[in-house]
Amino acid sequence: MKKLKFLIIGLFLFSQAFAQSKIRVACIGNSITYGLGVEDRDENAYPAKLQKLLGADYSVANFGVSGRTLLKNKDRDSKQKSIFDEKQYKDALAFEPDIVVIKFGTNDSREENWSTGAEDGRNYFYKDYVDFINSFKAVNPNVTIYVCNPIPYFRDKTAEREQAKIIMEEVIPIIKQVAKKNNAHLIDLHSAFLDKRS
């Protein structure tokens, strides 16, 4: 009986050590990461799909928040808030991820956020992005960072066509610069989805 007790304790400690050795992946972004509009988002949002693809050696967590910007200067319009002020951001840091997948830029590119005089988002997007990356490097200096280009903006109204142009001509070049200068990997979702409006 004593041997069985020690065996059970040993198995428990081994399972705890194994659980802690999983590679932690934090997915953080806007509604696309969160899975807004996705049927059964807990199973079908992209972080859940990524967990299934990576398997048991990984622990993938979804820290997406719909309608959020990476820009710190929030509330340029009442619908947009900064991820820096969200509980999910603080939870992502506490997760101490080994890998972070960052997907922002769509909400940031809205006219209200991107160009509002002295508060011009285009002047802060690079700096705020680097600050965001550095906050994860502060909790894990060995973290691997992936930054994602926004997917294409397919809506047709005039204002939204302008937003699509901002994404292509301004946001994506800044994200490429962020990746290049901050030892991050770039995932080009924009090119991958160009012909996938559906």
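The values are calculated or read from the model by the stated rules, or taken from the named source; none is laboratory data. In this text, all values refer to a predicted model and were calculated from it rather than measured experimentally. For neighbour counting, all protein chains shown are included, and Cβ atoms are generated from backbone atoms with ideal geometry for every residue, glycine included. Please note that ligands, DNA and RNA were not included when accessible areas were found on the heavy atoms of the full protein model with its side chains. Shrake-Rupley method; radii C 1.70, N 1.55, O 1.52, S 1.80 Å.
Would you point out the residue of the range 53-65, among those that are of a type outside the set (A, V, I, L, M, F, W, C) and surrounded by 10 or more Cβ atoms within 10 Å (Cβ to Cβ), that is farthest from I83 (Cα to Cα)? Walk me through how you get there before you give the answer.
Residues of the range 53-65 of a type outside the set (A, V, I, L, M, F, W, C): 55, 57-59, 62, 64.
Right, trim to surrounded by 10 or more Cβ atoms within 10 Å (Cβ to Cβ) and you get 58-59, 62, 64.
Working: Y58: 24, S59: 22, N62: 13, G64: 9 Å.
The extreme case among them is Y58.
Scanning for something hydroxyl-bearing (S, T, Y), open to solvent by 60 Å² or more (accessible area, probe 1.4 Å), out of contact with any Ser or Thr (no Cβ under 6 Å at 6 or more places or on another chain) and at pLDDT 90 or above, does the range 76-99 turn up at least one residue? First the steps, then the outcome.
The first filter runs over the range 76-99 and keeps only residues hydroxyl-bearing (S, T, Y), leaving 78, 82, 89.
Filter once more, keeping what is open to solvent by 60 Å² or more (accessible area, probe 1.4 Å): 78.
If we keep only those that are out of contact with any Ser or Thr (no Cβ under 6 Å at 6 or more places or on another chain) as well, we get 78.
Next, from what is left, pick out any that are at pLDDT 90 or above: none.
Checked the range 76-99: no residue is hydroxyl-bearing (S, T, Y), open to solvent by 60 Å² or more (accessible area, probe 1.4 Å), out of contact with any Ser or Thr (no Cβ under 6 Å at 6 or more places or on another chain) and at pLDDT 90 or above.
Scanning the range 86-138 for residues that are of a type in the set (S, T, Y) and touching a residue at least 60 places away in the same chain (Cβ under 8 Å), which turns out farthest from H190 (Cα to Cα)?
Y89
Of everything in the range 162-190, what is at pLDDT below 90 and either loosely packed, with under 12 Cβ neighbours inside 10 Å or of a type in the set (V, I, T) (or both)? Give them in sequence order.
I166
With K127, K103 as the choices, which residue is open to solvent by 60 Å² or more (accessible area, probe 1.4 Å) and at pLDDT 90 or above? Reasoning before the result, please.
Values: K103 fails: open to solvent by 60 Å² or more (accessible area, probe 1.4 Å).
That would be K127, the only listed residue that is open to solvent by 60 Å² or more (accessible area, probe 1.4 Å) and at pLDDT 90 or above.
Please give the number of the condition P152 fails out of (1) modelled with pLDDT under 80; (2) in contact with a His (Cβ under 7 Å, 6 or more places away or on another chain).
Going through (1) modelled with pLDDT under 80; (2) in contact with a His (Cβ under 7 Å, 6 or more places away or on another chain) one by one, P152 breaks only (1).
Would you tally the residues in the range 1-34 being assigned to a helix (DSSP H, G or I), open to solvent by less than 60 Å² (accessible area, probe 1.4 Å), modelled with pLDDT of 85 or more and not β-branched (V, I, T)?
Here the count works out to 1.
Residues F132, F154: which one is under 17 Å from L93 (Cβ atoms) and open to solvent by less than 70 Å² (accessible area, probe 1.4 Å)?
Residue meeting the stated conditions: F132.
Just the residues that are buried (at least 18 other Cβ atoms within 10 Å of the Cβ) and closer than 19 Å to Y58 by Cα, please, taken from the range 35-47. Full working, then the answer.
Narrowing the range 35-47 to residues buried (at least 18 other Cβ atoms within 10 Å of the Cβ): 35, 45-47.
Across the range 35-47, the qualifying residues are A45, Y46, P47.
Of everything in the range 83-132, what is of a type in the set (F, W, Y) and over 27 Å from S59 (Cβ atoms)? Give them in sequence order.
W114, Y124, F125, Y126
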